[in-house]
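The values are calculated or read from the model by the stated rules, or taken from the named source; none is laboratory data. Just so you know, these numbers come straight off a predicted model, no measurement behind them. Please note: Cβ atoms are built from the backbone with ideal geometry, for glycine as well, and neighbour counts cover all protein chains shown.
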Amino acid sequence: MKTGQSDQYPEIIVKSVGLTQIRYDIQPFTRQDMDGKTISGYSYKYAEIDGEIDKSKLISAIIRNEYDENGELALIHNLLNEEDTKLIEHVNEYKKFQKARGKAKLIVTEMLKTMG
């Protein structure tokens, strides 16, 4: 998972040569540095998109930042393995994955509203 920090509220969408970085789950933080000085800022997760952005690419980028393709496939295969003694754990993990997908869709819906 890609994460970052900023001393001020970060831009949500940052474009550079060929890539667009989208920042989400932006949270304020306060911590002490090595000298005991209080530092405040924002932490966030981010995903990168190659080429033009659209709703589908935004959602996929956020999901892939949380779960890579192999991780998603493992969740599905674990659920289908009826002989697995950890089926309840797999069901719970798959529910977390589905919740992350729903959250990604909400984030993108709000993001697109701000983009106009």
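Points to keep in mind about this one:
- Summed over the stretch 1-25, the residues that are outside any strand (DSSP E or B) and polar (S, T, N, Q) give a count of 2.
- Residue in the stretch 31-50 that is hydrophobic (A, V, I, L, M, F, W, C) and within 19 Å of the chain's Cα centre (by Cα) present: yes
- Taking residues in the stretch 1-20 that are under 26 Å from residue 71 (Cβ atoms), and partners anywhere that are of a type in the set (A, V, I, L, M) and in a strand (DSSP E or B), the pairs with Cβ atoms closer than 6 Å and at least 6 places apart or on different chains are 13/22; 20/49.
- Counted residues, the stretch 99-116 - those being of a type in the set (S, T, N, Q) and surrounded by 11 or more Cβ atoms within 10 Å (Cβ to Cβ): 1
- Subset of the stretch 44-54 (residues that are surrounded by 14 or more Cβ atoms within 10 Å (Cβ to Cβ) and either of a type in the set (Asp, Glu) or modelled with pLDDT under 90 (or both)): 48, 53
- Lone qualifier among 93, 89, 48 - being of a type in the set (Asp, Glu) and in contact (Cβ under 8 Å) with a residue 24 or more places away in the chain: 48
- Screening the stretch 55-91 for residues that are at pLDDT 90 or above and in a loop (DSSP other than H, G, I, E, B) and picking the one that is surrounded by the most Cβ atoms within 10 Å (Cβ to Cβ) gives 67.
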